[in-house]
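Heads up, the thing below is written out as structure tokens.
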Amino acid sequence: MPEAPKTSAENGHFVVDEKNKKILQFIEEVTTNADEVQQKVLAEILAQNAHVEYLQRHGLNGHTDRETFKKVMPAITYEDIQSDITRIANGDKSQILCSQPISEFLTSSGTSGGERKLMPTIEEELARRSQLYSLLMPVMSQFVPELEKGKGMYFLFIKSETKTPGGLPARPVLTSYYKSPHFKNRSPDPYTNYTSPNETILCSDSYQSMYSQMLCGLCQNKEVLRVGAVFASGFIRAIRFLEKHWPFLCHDIRAGTINNQITDPSVREAVMKILKPDPKLADFVEAECSKDSWQGIITRLWSNTKYIDVIVTGTMSQYIPTLDYYSNGLPLVCTMYASSECYFGVNLNPLCKPSEVAYTLIPTMGYFEFLPVHRNNGVTSSISMPKSLNEKEQQELVDLVDVKIGQEYELIVTTYAGLYRYRVGDVLRVAGFKNNAPQFNFICRKNVVLSIDSDKTDEVELQNAVKNAVTHLMPFDAHVTEYTSYADTTTIPGHYVLFWELNVNGSTPVPPSVFEDCCLTIEESLNSVYRQGRASDKSIGPLEIKTVESGTFDKLMDYAINLGASINQYKTPRCVKFAPIVELLNSRVVSNYFSPKCPKWVPGLKQWNNMN
Ligand code: AMP
């Protein structure tokens, strides 16, 4: 099987063109031979893991061929392997899912029972992730030349991590990657030359990390050719941070010192290697930041920037207008598609419009299958993912090279780390092919109704949260007759808004503090990724309840029916996105209330914390 060329410098010299050519050649090869590569990947995974308990339990009996695999192994969701995962997390070292030792768990932003899912991983997966990263810049360099001549200003962060009861680390995939030698000890490469020193990225205090990365980015502003973060929400948070803190940053640039709030000695030392007193630059930054309008601030402060590297596909598309405003319409580049389960693919046409982004799945990353999705009027038919596929659906699963243009599919993955026919939960649409490998538009995450950052709230979670909150209204004989929700990204950070229509029978009006209690109860009831975003990462703002005039939801129905919805089948949408509908709701708001404090959140799964 072809391997991506290594990224290290050869003979001390970095031959950019030569290396890029090799990597592009690798992409040609694996996409041309996509089916053969997939077959080999599956055979390799099954051979390596022939004796693991999970495959034996299902009677695979050491077979490594596609046909037997497809006949014998079920497509599964997290719940199907949760008891296996719990055993591993509790310290069972036997070969349950994978013959290689599980090195850590990656905590997915997808949840199960309100807690993050734990994805098993093995040491060698780090190399596979590095391999996918190594494809990005050679692809990019075909469209934007000479990027090796400057730096990337990327705001990258680690998040808190914990240990399972059995002692394995449990942390998000990017935290794992940034802390690994693959990132920390990367060999000199002009494409991974970032303005942020490693120490600033690896600082666990998010304020110090952001402050020091912004300071270093400003100090090296002329060298910056591209800027970015992982998700659009993170990049916008960085700009917001600058809006709040530029006077301190300018003071530091002028004096060549670092604010006392930055106490981490390794961060201070790393920043001091870059920082020099520069009154001229401080004057310039101050002049730009004190202007009334922040339109185009990115191009003003980092004038050589060619593009913004952030994911704006999926729910992140809600941030496109804000990014356009801050950057005066610089290209928004979505380079890759990945998850805790597996890294999937890259965008081979990175300068395309966000709405046209298509990811080419790289056939060496894992074994991919696809379940056709049938949608009704643009809405997936069921609100919750069925627990298991029936036999007919199971037979409908198709291989990577057999998907059809225009058709939508749910992605199913088999990984080297011990997931077999695992339903990732993403819906993709085939946009075209690169040789024999399909390219997919990211359509949505199944069932997710609300998302601001990496949080993913589904309709059932929202429903339960509202159910818990409305108990506060009972003493006032008040009831929520209808509700819907909206992810408001006009505030930074964005926040969840719930529109409530009430029926109040009691004579005492409901005091504002009771609605605030409702806001907090909803937040306390949402999953741990949401609560972490609120309480620890501060990437989500306080939840808001807006009460609306009575009759508002009838108007909403009239509107939908005018647009062609059937009266018989009309159901109040539990989340709205379409601007005229949001406007309609906002025009009938009577009062609004915010959550008065952050919901509770502690690292690690609830059940582990109860053990202590
Ligand atoms: P996590 O497992 O927490 O890393 O989240 C992975 C999920 O994030 C994927 O399954 C997708 O739903 C979403 N995601 C990752 N990359 C992209 C992308 N390029 N565009 C849209 N959604 C993405």
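Bear in mind that the values in this text are calculations on the coordinates, not laboratory data. Here the structure is a predicted model, which means the values were calculated and not measured. Note that we place each Cβ from the backbone using ideal geometry, even for glycine, and neighbour counts take in every protein chain shown.
Brief remarks follow.
- Beta bridges by DSSP in the chain, antiparallel share as percent, to the nearest 5: 75 percent
- With 0.36 nm allotted per residue and the present C-alpha distance subtracted, the Val589-Asp558 stretch has 9.4 nm of extension available.
- Listed residues Ser507, Thr572, Phe143: farthest to the positive end of the dipole of the chain (Cβ charges): Phe143
- Annotation: the residues Thr107, Thr192, sorted from fewest to most other C-beta atoms within 10 Å of their own C-beta, follow the order Thr192, Thr107.
- Its DSSP H runs of at least 4 residues, each contributing -39,500 (n - 2.57), put the calculated 222 nm mean residue ellipticity of the chain at -10500 deg cm²/dmol, to the nearest 500.
- Taking 0.36 nm per residue of sequence separation and removing the Cα-Cα distance, the Met272/Ser566 pair yields an extension gain of 99.4 nm.
- Geometric extent, Cα atoms of the chain - Rg, Dmax (angstrom): 25.1, 83
- C-alpha center-to-center spacing [the stretch 538-612, the stretch 206-266] in angstrom: 34 Å
- Sorting 580-589, 225-234, 484-493 by their mean Cβ neighbour count within 10 Å, with the most densely packed peptide first, gives 225-234, 484-493, 580-589.
- Residue pairs exceeding 19 angstrom between C-alpha atoms, taken from Lys179/Lys606; Lys353/Lys404; Lys149/Lys222: Lys179/Lys606; Lys353/Lys404.
- Take every DSSP beta bridge whose two residues both sit in the stretch 473-578; close to 65 percent of them are antiparallel.
- Of Glu125, Glu269, Glu544, the sequence from fewest to most neighbouring Cβ atoms within 10 angstrom is Glu269, Glu544, Glu125.
- The stretch between Lys71 and Lys22, if pulled fully straight at 0.36 nm per residue, gains 13.8 nm over its current Cα-Cα span.
- Relative to the Cα centre, the charge distribution of the chain, modelled as +1 at Lys and Arg Cβ and -1 at Asp and Glu Cβ, gives a dipole magnitude of about 680 debye.
- Per-residue Cβ neighbour rank within 10 angstrom, fewest leading, Ser340, Ser451, Ser566: Ser566, Ser340, Ser451
- Once backbone amide H atoms are built at 1.01 Å from N, Val548 has Trp500, Glu501, Leu502, Val590 as its partners under 5 Å, excluding neighbours fewer than 5 places away on the same chain.
- Each of Asn185, Thr86, Ala229 was scored by the projection of its Cα onto the charge dipole of the chain, and the greatest displacement toward the positive side belongs to Asn185; charges sit on the C-beta of Lys, Arg, Asp and Glu.
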